[in-house]
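Values quoted throughout were computed directly from the atomic coordinates according to the rules given, and no laboratory measurement underlies them. Here the structure is a predicted model, which is why all the values come from computation and not from measurement. Here the Cβ positions follow ideal geometry from the backbone for every residue, glycine too, while neighbour counts run over all protein chains shown.
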Amino acid sequence: MTCSSDSTKQISVIGGGYVGLVTAACLADLGHMVTLIDIDEEKIRAINAARSPVAESGLNELLAKNLGKNLIASSDYESVKRSYLSIICVNTPATQTGSADLSSIEAACLSLGHALRCNSGDHVVVTKSTVPPGTTESLIQPLVLRTSGRSDKNTIFLSNPEFLREGSAISDFMSPDRIIAGSNNDASSEIISWLYAGISAPVMFTSVKTAEMSKYVTNAFLATKISFSNEIGNVCKRLGIDVYEVMQCVGMDHRISPHFFNAGVGFGGACFPKDIRALISLAEESGETSRLLQAVMDINRTQPYRIVHQLENEFGGLAGKRIALLGLAFKAATDDIRESRAIPIIQAFLEKGAVLVGYDPLAMENMKKLFPEIDYVKSSSDALQGADACIVLTESPEFAALNGEFDQMNTRMIIEGRRILQTKEKQGICW
Ligand code: UGA
C-alpha cells in the first residue's frame, strides 16, 4: 500500500470528547479535511456552532476558524466512506474492577467497519484512545476487518497515543515532546509524516503494543512523581523543611527533571486515576502485583484528608464552621470535576457538620450536580465573607492575587492544597 502526499485525503475523527475534539480541530488547522463523528446529536449541533462542549482555552476560536472550511461535525459515519484515515478517540472508562471498559471502542469499531464496506480505497485506522496493550491487534483490527469485509493488505492499523493536558491541549497537540507511532506496517512513517506535517517533534516508531503501553506508563510515572512529592512533603512539614525548595534542588539533577513535582492535595482528572487503576489491573492479570502503583494511589487517596484533619485540630471540631472552598475542578482552567480532590474533602466536611461555601471560576455548575447542598457564590470575595476557614484547592491565578479579601473572614484560618497564595497568613497542606 502506498501513501502519497495528497493533502486532499480526508480524515474522520471518531469521538467528540475532549481528545477527539482537540485532535479534529488541530488537524483541520494543520490543513487536513476533517469530519468529527459523535453519536450525540446535541453535541454535534454545539460543535458545528463553534461551541465546544468542554471548556478548553482556544478551542472555540479554533473551531470557528476551521468550521465550514475543512472541518465539520456529524452524527453519522458517512464521511468514513470517503476517508483515507480514521482516528478512534472514544473514551475507555474504568470498569468496577479498575480495568479499561472497551465497550465504546467496540461500538466505534462496528460502526467504522460497517461504513468501510463502502470504501474500497486504502484505509488507515489510528487508535488514539488509551487502551490496554494488545487491544489494537486483538480487538480493533479483527473487529474492523470482519465488519468491513476488508483485508489487512489495504487496511493499516496504527497506535498513536495522545499526551494532551486539559487546559493546554492545543499547544500540547501542536508542540508535542514526541509522537509515538506503533505499527507493524512499513508505510507508518509516511503516514505519520503526512498526518503531522507542520509539527516538529521526534517520532518514535514502535510495535503496536509498545505504543499502547507507553501511554499508561507515562501517566503512571507522572502520577508517581506527584505522590512521591506529596509523601516527601508530609515528612518535610513535620521536620520544618520546605518541600518545594527540596524538590527544586532534586529536579536540577538532569536525570530527574524539575517537572511534576508540585506537592499538594494530590492528582485528579479523568486520566491519571483511571489509567493507574487499569495498569494495576493489567499487572494482576499478567500475574504480577504492582506494589508501587498501589502505594501511589493510596497516598493520593489519603492526602486530601490531611486538610480536614489540619482544620479539625485547629478548631477542635468542625460542626457549624463556615468553610470557604476555592477551586473545585480537578485543576485550574477547566470545568472538569472528575476525581477532583475537592470531592473527598467536601464529603468529609459535610459528614463533620461544616457549612460549605464554594467558588470556582469554571466548575461550579458541575459540582452543583454532585453536591447541591453547598452554597455556591460568584467570587472568592463572596466566599470569604464571614468564613471561619478558607481552603484553596486549585492553582487558579485569581487565587494568587487574593490578599485584602481575607479581611472579610471571621477567623484567618487559610490552608492551601496547592502552592498558590501570596498572603503570609496561610498554612500549606504539606509545607
Ligand atoms: C494528563 C497528562 O498530563 C496528559 O499528558 C495526558 O494526555 C492526559 O492526562 C490523558 O491521559 O489524557 P490532565 O489529566 O489533563 O493530563 O492533567 P495534568 O495537568 O497532568 O494534571 C493531573 C493532576 O495532577 C491534576 O489534578 C494536577 O493538579 C495534579 N498535579 C500535576 C499535581 O498535583 N502536581 C503536579 O506537579 C502536577
> Helix 305-315 versus the longest principal axis of the chain: what angle, 0 to 90°, nearest 10, using Cα atoms?
Replying inline: 20
> On a 0 to 90 degree scale, rounded to 10, what angle separates helix 208-239 from the longest Cα axis of the chain?
Replying inline: 10
> How much space per residue, in cubic angstrom, does the convex hull of the C-alpha atoms of the chain take up?
Replying inline: 148
> Which residue, 235, 243, 90, has the most motion in a Gaussian network model of the chain that connects Cα atoms within less than 10 Å?
Replying inline: 235
> What length, rounded to one decimal in nm, is gained on full extension from residue 65 through to residue 239, with 0.36 nm per residue of separation minus their alpha-carbon distance?
Replying inline: 57.3 nm
> Could you give the distance between the Cα centres of segment 231-289 and segment 35-50, to the whole Å?
Replying inline: 37
> Full extension from residue 168 to residue 57: what is 0.36 nm times the residue separation minus their Cα-Cα distance, to one decimal in nm?
Replying inline: 39.3 nm
> Straight-line reach from residue 237: which lysines have a Cα under 29 Å away, not including same-chain ones fewer than 8 places off?
Replying inline: 225, 321, 331, 352, 424, 426
>> Once you compute Rg and the Kirkwood Rh from C-alpha atoms, what is the Rg to Rh ratio for segment 305-428?
In response: 0.91
> Say each of residue 291 and residue 152 gets a label point 7 Å from the Cα, pointing the same way as Cα to Cβ; how far apart are those two points in nm?
Replying inline: 3.9
> Among 222, 370, 30, whose mean-square fluctuation peaks in a Gaussian network model of the chain (Cα, cutoff 10 Å)?
Replying inline: 370
> Got a sec to turn the phi values of segment 406-423 into Karplus ³J(HN,Hα) couplings, 6.51 cos²θ - 1.76 cosθ + 1.60 with θ = phi - 60°, whole Hz, x for Gly and Pro?
Replying inline: 5, 4, 7, 6, 6, 10, 7, 10, 10, 10, 9, x, 10, 6, 9, 6, 8, 4
> So what is the relative contact order for segment 10-206, in percent, with contacts set as C-alpha pairs under 8 Å and at least six apart?
Replying inline: 20
>> Run the helix sum for the chain: -39,500 (n - 2.57) per DSSP H stretch of 4+ residues, divided by residue count, reported at 222 nm to the nearest 500 deg cm²/dmol.
In response: -11500 deg cm²/dmol
> Exactly which GluC sites (Glu not before Pro) in segment 234-329 are in a DSSP loop and have at most 15 other Cβ atoms within 10 Å?
Replying inline: 288
> Can you give the FRET efficiency for residue 114 and residue 42, using 1/(1 + (r/R0)^6), R0 = 35 Å, r = Cβ-Cβ distance, to the nearest 0.05?
Replying inline: 0.90
> Taking the Cβ-Cβ separation of residue 178 and residue 221 as r and a Förster radius of 22 Å, what is the calculated FRET efficiency to the nearest 0.05?
Replying inline: 0.95
>> Run through segment 280-389 and list the trypsin sites (Lys or Arg not before Pro) located in a DSSP loop whose Cβ has at most 13 other Cβ atoms within 10 Å.
In response: 378
> For segment 10-206, what is the Kirkwood hydrodynamic radius in Å, using each pair of distinct C-alpha atoms?
Replying inline: 16.7
> For 47, 199, what's the fewest-to-most ordering of other Cβ within 10 Å of each Cβ?
Replying inline: 199, 47
> Quick one: if you stick a label point 7 Å off each Cα along the C-beta vector at residue 250 and residue 301, how many nm between them?
Replying inline: 2.3
> Over the Cα atoms of segment 216-302, what is the Rg over Rh ratio if Rh follows Kirkwood?
Replying inline: 1.01
>> Give the residue list of trypsin sites (Lys or Arg not before Pro) in segment 390-431 that are DSSP loop and have at most 12 other beta-carbon atoms within 10 angstrom.
In response: 424
> What full-extension length gain, to one decimal in nm, is calculated for residue 375 and residue 400 as 0.36 nm per residue of separation minus the Cα-Cα distance?
Replying inline: 6.7 nm
> Once label points are set 7 Å from the Cα along Cα→Cβ at both residue 101 and residue 260, what is their separation, rounded to one decimal in nm?
Replying inline: 2.6
> Does anyone have the angle between helix 291-302 and the longest principal axis of the chain? Alpha-carbon axes, 0 to 90°, nearest 10?
Replying inline: 50
